Amino acid sequence: MSASTGAAGGQVIPTYSVEENVVGGSPNVLIITIDTLRADHLGFHGYPRATSPRLDKLAGESVVFEWAYAPIATTLPSHTSMFTGVYPHEHGVLANIKDGRSYQRRKDLMTLAELFQRAGYATQAVVAATPLRPQFGLNTGFDGYNAPANKQQSAEKTTKQALVALDELAASKKPGLLWVHYFDPHGPYNPPVEFLSKFRMDDAMRADLAERKFAARSQRPTGQWNMLEAGIDSYDGEIAFTDTQIHRFLKAAEESRWLENAIVVVLADHGEGLNQHGVAGHGLVWEEQLHVPMMLRIPGVEPRRIGTLASLVDFAPTLLHVLDLPGEDDFLEQVSGVNRFRSDLRHDEIRLLGQQSPRQSDAEAIGYSLRADQWKLHMSAENDASLYDLSEDPFELIDVAAKNPRVVDKLTAELSEMLRGQLREVQTEGVSKTIERDLRALGYGGTK
């Protein structure tokens, strides 16, 4: 579980400049999102286990953003940021559900799907879990939107439905936008049996876990420690299973020639704790929960790895930079994200905001993080600050706030300034008991 080899901090690296509208015409666009996928559990991010051979191959053909971050480690708000180009406080979706009510996206925000649809694209989506069902709003702009009737579905079923959607797009004779969402790395981890037994903890992995202080967070009895190990093994099995299903889908799409001159995007909405920092799941602002894969395979653009910071909020304007869609200027007027193919951005100038899902009755009582160069500021809901130097401490183990008061003051002021420009009044509405039940079964509900 070694850290990525990109520019974790300190170093100043210009971004990779890409010619505007480089693709030309109206290419097909495939967006694959994978739920709950830590960047550091993928081969192309340095993970020693063979969890992701197909994604690794795709990464070698793509522009890979080595230090991409989710703005929030929760499925619905993170996906909403991807598809609108704004932070959660700006679009108004702060959690999957809270106290039996769902957050509502601002009505004036256009989604990427709406933009593509207005530009003459046929649009299809296949999503694999309750947090992305149509009633939560991301179906806007899709001609077809396939969501599971129950809480979630397997990658195998998702691929089957995605192939049907692919056929519908091919039959439309229009350029197509296809979004496919895989959910399997989300807990509880239960991969097919051949993937359940694919990975087994060894001494090298145990040493890596010890370096990250997995064991030191609490004195776990042997049985509980073995459960932790089995959980990581099963999580990796879920990733490997998802990777094989992505391979199956991409192979079929290539054989159908739908992917010829198409843009292929792979993103994750957030990571997973796996008991790092004593947290099994997600919803917080630790690196393992916010650092995600983000890559774009673009016809005519040389594959490479970019070491500057990027956010999922940046995805939409970065994608649109290589296209020339009618009406895209209207969409770009709303975005807070930045086109990461701009040549004038520098690593030491980029600030990335992350936030926790609300966990108290007061929706404003939310913790935040600010990533700036090598520094990572954590600000609790009670306004207690902690600071980590990721160039020296990539696993966020040593709080150096007391030694760097000026850095804390500077980043705290910048965080406050960013939030002042984002905060909006949020709106919620009740959800059905079925939706609430399914979300609770996935670990979401009253206090999460």
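At a glance:
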| item | result |
| --- | --- |
| Residue in the range 17-30 that is modelled with pLDDT of 95 or more, outside any loop (DSSP other than H, G, I, E, B) and either of a type in the set (Gly, Ala, Ser) or open to solvent by less than 10 Å² (accessible area, probe 1.4 Å) (or both) present | yes |
| Near pairs, Cβ below 8 angstrom, 6+ apart or cross-chain, from the range 407-429 (farther than 14 Å from Gly92 by Cα and surrounded by 18 or more Cβ atoms within 10 Å (Cβ to Cβ)) to any residue that is among the hydroxyl-bearing types (Ser, Thr, Tyr) and modelled with pLDDT of 75 or more | Leu415/Tyr368 |
| Restricting the range 337-367 to residues that are modelled with pLDDT of 75 or more and open to solvent by 20 Å² or more (accessible area, probe 1.4 Å), the residue that is farthest from the chain's Cα centre (by Cα) | Arg342 |
| Val264, sole failed condition from (1) farther than 20 Å from Leu397 by Cα; (2) modelled with pLDDT under 95 | (2) |
| Residues satisfying the stated conditions in the range 381-400, i.e. assigned to a loop (DSSP other than H, G, I, E, B), within 28 Å of Leu209 (Cα to Cα) and in contact (Cβ under 8 Å) with a residue 24 or more places away in the chain | Leu390, Ser391, Pro394, Phe395, Glu396, Leu397 |
| Residues within the range 166-201 that are crowded, with 23+ Cβ neighbours inside 10 Å and within 23 Å of the chain's Cα centre (by Cα), tallied | 12 |
| Some residue of the range 402-415 being of a type in the set (Gly, Ala, Ser), within 18 Å of Ser357 (Cα to Cα) and out of contact with any helix residue (DSSP H, G or I) (no Cβ under 8 Å at 6 or more places or on another chain) | no |
| Qualifying residue in the range 141-154 (condition: of a type in the set (S, T, N, Q), closer than 16 Å to Gln117 by Cβ and open to solvent by less than 60 Å² (accessible area, probe 1.4 Å)) | no |
| Hey, Leu370 assigned to a helix (DSSP H, G or I) and open to solvent by less than 80 Å² (accessible area, probe 1.4 Å) or not | no |
| Hey, Arg105 charged (D, E, K, R), at pLDDT below 95 and open to solvent by 10 Å² or more (accessible area, probe 1.4 Å) or not | yes |
| Residue that is within 22 Å of Val335 (Cα to Cα) and among the hydroxyl-bearing types (Ser, Thr, Tyr), where the choices are Tyr145, Tyr121 | Tyr121 |
| Residue among Arg248, Arg206, Arg217 that is at pLDDT 95 or above and open to solvent by 50 Å² or more (accessible area, probe 1.4 Å) | Arg248 |
| Qualifying residue in the range 220-230 (condition: at pLDDT below 90, more than 30 Å from Ala122 (Cβ to Cβ), over 22 Å from the mean Cα position of the chain (by Cα) and crowded, with 21+ Cβ neighbours inside 10 Å) | no |
| Selection count, the range 289-306, where residues are open to solvent by 10 Å² or more (accessible area, probe 1.4 Å) and either under 30 Å from Phe214 (Cα atoms) or assigned to a helix (DSSP H, G or I) (or both) | 2 |
| Tabulated pairs, the range 134-158, first under 25 Å from Gly187 (Cβ atoms), second of a type in the set (D, E, K, R) and open to solvent by 30 Å² or more (accessible area, probe 1.4 Å), C-beta under 7 angstrom, 6+ apart or interchain | Gly137/Arg105 |
| Test: His79 is modelled with pLDDT of 95 or more, buried (at least 24 other Cβ atoms within 10 Å of the Cβ) and in a helix (DSSP H, G or I) | yes |
| Some residue of the range 374-394 being modelled with pLDDT of 85 or more, of a type in the set (Asp, Glu), under 20 Å from Glu287 (Cα atoms) and open to solvent by less than 80 Å² (accessible area, probe 1.4 Å) | yes |
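Residues are listed down the side, and each one gets a yes or a no for (1) among the aromatic types (Phe, Trp, Tyr); (2) open to solvent by 10 Å² or more (accessible area, probe 1.4 Å); (3) assigned to a helix (DSSP H, G or I); (4) touching a strand residue (DSSP E or B) at 6+ places or on another chain (Cβ under 8 Å):
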position	(1), (2), (3), (4)
Thr244	no, yes, yes, no
Gly273	no, no, no, yes
Leu309	no, no, no, yes
Val313	no, no, yes, no
Thr318	no, no, yes, yes
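The values are calculated or read from the model by the stated rules, or taken from the named source; none is laboratory data. Given the structure is predicted, the values throughout are model-derived calculations rather than measurements. In this analysis, Cβ positions are derived from the backbone assuming ideal geometry, glycine residues included, and neighbour counts consider all displayed protein chains. What goes into the accessible areas is simple: the full protein's heavy atoms, side chains included, and nothing from ligands, DNA or RNA. Shrake-Rupley method; radii C 1.70, N 1.55, O 1.52, S 1.80 Å.
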